[in-house]
Amino acid sequence: MTAKIQCWACGEGYLTRRHSGKSVTYEGITGSICHTSHACDECGAVLFCESDVRENRRAWNRFRKSATMAPLGCEIESMRVRAGLTQRRAADLFGGGPVAFSKYENDDLIPDEAMNKLLRLAIAYPDIIQRLEGLLITRVAVRHVSFNAEDDEHARWTSSTIAARKRVSGSITGVISTRSFDVRPSQEPSWILQ
């Protein structure tokens, strides 16, 4: 059972939650959104609680998204869940900050036009998410020195190109290639500096 909220206008009555349709227009498109408020049963005052303001803002944002063909929060969440991504991982792939996807999915925030286009592509073509993950591969040249047991005057330099996926943990996922060169200790191979 929901606790009764006393009217803060008259102090005598209690507030009852109510929903009404409200006509709105955005960029020449007219429609209706669900408008939430509370009404006092004693004085008739119509008041807005914090939750009413949040719900009304989300309804307005959903209408604006529909008017501009931006993906709705439920569509963004569905795409992310189908791809097996957490909100944080989705933010790493798409950009927008660590809590951006929570705000997009709750319709608290409307993504900018570039993000809208990227999200629409990801919804229409789910394989694009794997392509985005492929763009986050970082290649790192790693130098290893090991001395040849037969001749201590030569050193063996090994360069390994490592693919490291940018994850929260930053773990290395595998070695792509390895090259070895024999050089004298006084020589510094030019490929190491690249």
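Subtracting the Cα-Cα distance of residue 88 and residue 121 from their residue separation scaled by 0.36 nm leaves 9.9 nm. Stretched out straight at 0.36 nm per residue, the stretch from residue 17 to residue 106 would grow longer than its current Cα-Cα span by 29.9 nm.
Rounded to the nearest whole Å², what accessible area per residue is found for the range 37-93 with the 1.4 Å probe? Don't skip to the end; give the middle numbers.
Values: 2910 Å² over 57 residues.
Per residue, the range 37-93 has 51 Å² of solvent-accessible surface.
Element breakdown for the range 1-119 at a 1.4 angstrom probe: carbon and sulfur atoms account for 51% of the accessible area. Between residue 45 and residue 78, the C-beta separation translates, for a Förster distance of 45 Å, into a calculated FRET efficiency of about 0.70. Taking a point 7 Å from the Cα of residue 8 along the Cα-to-Cβ direction, the residues of the range 37-60 with backbone N closer than 18 Å to it are 37-57. Here the simple spin-label model places points 7 Å from the Cα toward Cβ, and for residue 99 and residue 57 these points are separated by 1.1 nm.
For the range 10-65, treating each Cα as an identical point scatterer without solvent, what Debye log10 I(q)/I(0) comes out at q = 0.15, 0.30 1/Å? Debye curve over Cα of the range 10-65, log10 I(q)/I(0) at q = 0.15, 0.30 Å⁻¹: -0.48, -1.14.
The values are calculated or read from the model by the stated rules, or taken from the named source; none is laboratory data. Quantities reported herein were computed from a predicted structural model and do not represent experimental measurements. For neighbour counting, all protein chains shown are included, and Cβ atoms are generated from backbone atoms with ideal geometry for every residue, glycine included. Areas reflect the complete protein model, heavy atoms only, side chains present, ligands, DNA and RNA absent. Shrake-Rupley method; radii C 1.70, N 1.55, O 1.52, S 1.80 Å.
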